[in-house]
Amino acid sequence: MSYNISITKIQQSKVETIDFNNIPLGTIFTDHMFICDYENGKWTNPRIEPLALIPTHPAAMALHYGQAIFEGMKATVDAEGNPMLFRANKNAARLNFSADRMGMPNFPEELFVEGLKQLVDLERNWIPPTDGSALYLRPFMYADEPFIGMRAATHFKFIIMASPAGPFFSKRIKLWAEKKYIRAANGGTGEAKAAGNYAAAIRPTELAKAKGYDQVLWLDAIEHKYIQEVGTMNIFFKIDGKFITPKRDGSILDGITRMSVIDILRDKGFEVIERTITIDEIKEASKNNTLEEAFGTGTAVGIAYIQEIGVDGETIHVSNESPVGLEVNDTLNAIKTGKVEDKFGWMTKVENELA
Ligand SMILES: *Cc1c(COP(=O)(O)O)cnc(C)c1O
């Protein structure tokens, strides 16, 4: 099936006004957005237009009942300046997984990828050229039907925005293992990238920050002992030479960085085990000096090293000797910028899509 995406270009690009050496986080948006409406049971009128405010009825259901989901991904450039997308089909599939859970319509995966490619082609001058920089892409869907009452909406918007992102070097972070608040319970929405999950995480994260931590380490909802994930990152530990990461049990987000890091680690010859992990086990490993590294993984930062975890008034210290995760991060970045062969077949080139 082919889609006809209509394009209305902006008269004067704002790209010249941007200092690519000093990009503020998440406040600069490119000239255009991709937008598509869902009505009468189908997606209609896919278009790229100048980014602008969208008139919204005060009864728009997303504002009241939270039918809103999102994705996050990055476009990078190779040495010749050709834009590329990283595993875009995985984001398309995950958006639809989230949509199913939230009672929202699926968005055609081909149109998702086609919309991304055309938008990125049009905004190619917005991809910061410096190493480690990228054009962050934010596809999302929300219920824009005006209706007071509890049922699935029948009108939705799907939009892709783009925002240039500078090189992100994460310092080693401190995590607070949270035993009062939870992020996700079995049967809940933890495996969906649903807006409401983040709303519920904001206050506990503020409280952790007030205690001097950077992020919350989420534990399971019942016993508060099984490790789930961090903020907007999945988590990995290296204990006694082996990598372990919490297995997908329906309450953690199926991170695309997570799945890629697992593949790269295995390719480098490391054993990676997906299983349940308790916070006590990590405490023990730290005491025995077998906790060799710990890091979070996600699109925004790539790999963020963990320095320590606060739990029950104690501090779990993480070693920082010859971290393998740094090597994995380099490999991931080299793949994303075409510096090494894309042997996993993860990259999609953005050609002259508009021609
Ligand atoms: C988006 C997200 C991740 C990371 O997913 P990536 O696809 O690797 O960016 C992990 N956990 C949560 C809760 C997230 O929202």
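Quick notes
- Conditions (1) away from the ligand (no atom under 16 Å from the Cβ); (2) buried (at least 22 other Cβ atoms within 10 Å of the Cβ); (3) not in a strand (DSSP E or B); number of the one not met by Glu321: (2)
Conditions tested, residue by residue: (1) within 22 Å of the chain's Cα centre (by Cα); (2) surrounded by fewer than 22 Cβ atoms within 10 Å (Cβ to Cβ).
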{"residue": "Glu274", "(1), (2)": "yes, yes"}
{"residue": "Thr278", "(1), (2)": "no, yes"}
{"residue": "Glu281", "(1), (2)": "no, yes"}
{"residue": "Ser286", "(1), (2)": "no, yes"}
{"residue": "Thr290", "(1), (2)": "no, yes"}
{"residue": "Ala294", "(1), (2)": "yes, no"}
{"residue": "Thr297", "(1), (2)": "yes, no"}
{"residue": "Val301", "(1), (2)": "yes, yes"}
{"residue": "Ala304", "(1), (2)": "yes, no"}
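- Scan of the range 254-313 for residues that are within 13 Å of the ligand (Cβ to nearest atom), outside any helix (DSSP H, G or I) and under 26 Å from Arg101 (Cα atoms), ordered by number: Asp254, Gly255, Gly296, Thr297, Gly298, Thr299, Ala300
Residue by residue, here is whether (1) within 22 Å of Thr154 (Cβ to Cβ); (2) touching a helix residue (DSSP H, G or I) at 6+ places or on another chain (Cβ under 9 Å) holds:
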residue: Gln12; (1), (2): no, no
residue: Val15; (1), (2): no, yes
residue: Asn21; (1), (2): no, no
residue: Leu25; (1), (2): no, no
residue: Asp31; (1), (2): no, yes
residue: Ala60; (1), (2): yes, no
residue: Val77; (1), (2): no, yes
residue: Ala92; (1), (2): no, yes
residue: Asn96; (1), (2): yes, yes
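- Candidates Gly250, Gly231, Gly241 - the one that is away from the ligand (no atom under 16 Å from the Cβ) and out of contact with any Cys (no Cβ under 6 Å at 6 or more places or on another chain): Gly241
- Leading residue by the ranking (farthest from the chain's Cα centre (by Cα)) among those in the range 3-23 that are surrounded by 11 or more Cβ atoms within 10 Å (Cβ to Cβ) and at pLDDT below 95: Tyr3
- Residues of the range 154-164 classified as among the aliphatic types (A, V, I, L, M) and crowded, with 21+ Cβ neighbours inside 10 Å, total: 2
- Residue match in the range 336-351 (condition: under 20 Å from the mean Cα position of the chain (by Cα), within 16 Å of the ligand (Cβ to nearest atom) and in a helix (DSSP H, G or I)): yes
Residue-by-condition table, conditions (1) under 22 Å from Glu145 (Cβ atoms); (2) away from the ligand (no atom under 16 Å from the Cβ):
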residue	(1), (2)
Ile54	yes, yes
Ala59	yes, yes
Leu63	yes, yes
Asn82	no, yes
Asn91	no, no
Ala99	yes, no
Asn106	yes, yes
Glu110	no, yes
Leu119	no, yes
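- The residues on offer are Arg266, Arg275, Arg248, and the sole one that is out of contact with any Ser or Thr (no Cβ under 8 Å at 6 or more places or on another chain) and within 25 Å of Thr205 (Cα to Cα) is Arg248.
- Checking each residue in the range 149-185 for being among the polar types (S, T, N, Q) and within 16 Å of the ligand (Cβ to nearest atom) picks out Ser163, Ser170.
- Selection status of Thr205, surrounded by fewer than 22 Cβ atoms within 10 Å (Cβ to Cβ), within 16 Å of the ligand (Cβ to nearest atom) and of a type in the set (S, T, N, Q): yes
- Remark: His64 falls outside the filter, which requires a residue to be modelled with pLDDT of 95 or more, surrounded by 11 or more Cβ atoms within 10 Å (Cβ to Cβ) and in contact with a Leu (Cβ under 8 Å, 6 or more places away or on another chain).
- No other residue among Asp220, Asp214, Asp249 is touching a residue at least 24 places away in the same chain (Cβ under 8 Å), closer than 29 Å to Asn289 by Cα and surrounded by fewer than 18 Cβ atoms within 10 Å (Cβ to Cβ) apart from Asp249.
- Of all residues in the range 210-234, those being in a strand (DSSP E or B) and either outside the structural domain of Ile182 (by TED's automatic domain parsing) or among the hydrophobic types (A, V, I, L, M, F, W, C) (or both) number 7.
- Checking each residue in the range 162-184 for being modelled with pLDDT of 95 or more and in a loop (DSSP other than H, G, I, E, B) picks out Lys179, Lys180, Tyr181, Ile182, Arg183, Ala184.
- Which numbered condition Phe237 fails, given (1) farther than 29 Å from Ala92 by Cβ; (2) assigned to a helix (DSSP H, G or I): (2)
- Leu354 vs. criteria closer than 26 Å to Gly166 by Cα, outside any strand (DSSP E or B) and of a type outside the set (Lys, Arg): no
- Single match in Ile227, Ile239, Ile244 (criterion: aliphatic (A, V, I, L, M) and farther than 22 Å from Asn329 by Cα): Ile227
The values are calculated or read from the model by the stated rules, or taken from the named source; none is laboratory data. These numbers were taken from a predicted model, which means no experiment stands behind them. So basically every Cβ, Gly included, is an ideal-geometry build from the backbone, and we count neighbours across all protein chains shown.
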